[in-house]
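Read through the structure below, which is laid out as structure tokens, and then see the notes.
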Amino acid sequence: MKHLKFWAILLMMVTAATLSGCSSSRNASDAKQISYKDVGSHKSKKGSSKKSNDSSKSSGSLSGISKKLGVQVTSSDNQKLYSEAASWVGAPYKYGGTSRSGVDCSGFTYLMYKSVYGKTISRQSGEILSKDCNKIKKSDLRAGDLVFFRTDGKRSSTPNHVGIYLKSNKFIHASSSKGVVVSDLTTDYYVKNWIAGGRVR
């Protein structure tokens, strides 16, 4: 009898321990579920934070483009034109070049028009003005219009240099001495060598 009692008590203790183990296991499972929910909520918070970071990045990029080009670029401007222009600043000059490792003025204009507007224009500044553009006055220039100059000292109405107008009298071009730079139309050199503005047809 004593043996039976001993075994009965032992069986009760094992059963109690097993039940207790299941209960803690369920609690652990519940805890896991709660922690998964928390992770989900953190994820969504992170997502919203990422969105706000992206928008601030976008405005930061506008300010970066503005700084690089020296003009105030806003969200209402042609973003593609200004960001593409900014990406070229500092590219070296190379006569006849048509890549970021070396480009000349008409090559730069050609590549910009292809990339920004999907238009194919001539490869020489004189031909761009005569074949691809309507002439316009300096006072009528808009972003993306072309500006033409004669920079070799010859008196000729045929340009040998071309750039792309940005805004606020600034234009971007591939200078033979500095590579791709932004210059000001009101400086004496460009006033003296001005030929015409052009709007690509």
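Provide the per-residue ³J(HN,Hα) series for the range 129-135, in order, calculated from phi with Karplus coefficients 6.51, -1.76, 1.60 and θ = phi - 60°, each as a whole number of Hz, with x at glycine and proline positions.
5, 7, 9, 10, 10, 9, 5
Please turn the phi angles of the range 62-75 into ³J(HN,Hα) values with the Karplus equation 6.51 cos²θ - 1.76 cosθ + 1.60 (θ = phi - 60°), one per residue in order, whole Hz, x for glycine and proline.
4, 5, x, 5, 4, 5, 5, 8, x, 9, 7, 9, 10, 5
What is the spin-label model distance, in nm, from R155 to R142 if the labels are put 7 Å beyond Cα along the C-beta direction?
3.6
Once you put a point 7 Å from the Cα of S176 and another 7 Å from the Cα of E127, both along the Cβ direction, what distance in nm separates them?
Those two pseudo-labels are separated by 2.0 nm.
Suppose R0 equals 30 Å. What FRET efficiency, 1/(1 + (r/R0)^6) with r the Cβ-Cβ distance, do W194 and S61 give to the nearest 0.05? Kindly include the intermediate steps, with their values, before the conclusion.
On the way: r = 33 Å, r/R0 = 1.09.
With a Förster radius of 30 Å, E is 0.35.
List the residues, sorted by chain then number, that are 5 or more residues from K94 or on another chain and whose placed amide H is less than 5 Å from its amide H.
Counting only residues 5 or more places away or on other chains, the set is V103, D104.
For N169 and S75 in the same chain, what is the full-extension length gain: residue separation times 0.36 nm, less their Cα-Cα distance, in nm?
On the way: separation 94, 0.36 × 94 = 33.84 nm, distance 1.94 nm.
Net length gain for the segment: 31.9 nm.
Assuming R0 = 25 Å, what is the FRET efficiency of T187 and T120, from their Cβ-Cβ distance, to the nearest 0.05?
0.20
Cα gyration tensor of the range 87-172, axes a ≥ b ≥ c as square roots of the eigenvalues: rounded (a/c below 1.5), prolate (a/b > b/c) or oblate?
Details: a/c = 1.42, a/b = 1.17, b/c = 1.21.
It is rounded, given that a/c, with a ≥ b ≥ c, falls under 1.5.
Mind checking the per residue accessible area of the range 60-201 for me, 1.4 Å probe, whole number of Å²?
So the range 60-201 comes to 50 Å² accessible per residue, rounded to a whole number.
The values are calculated or read from the model by the stated rules, or taken from the named source; none is laboratory data. Just so it is clear, the structure is predicted and the values come from calculations on it, not from any experiment. Glycine also receives a Cβ, built like all others from the backbone with ideal geometry; neighbour counts cover every protein chain displayed. These area figures cover heavy atoms from the full protein model, side chains too; ligands, DNA and RNA do not enter into them. Shrake-Rupley method; radii C 1.70, N 1.55, O 1.52, S 1.80 Å.
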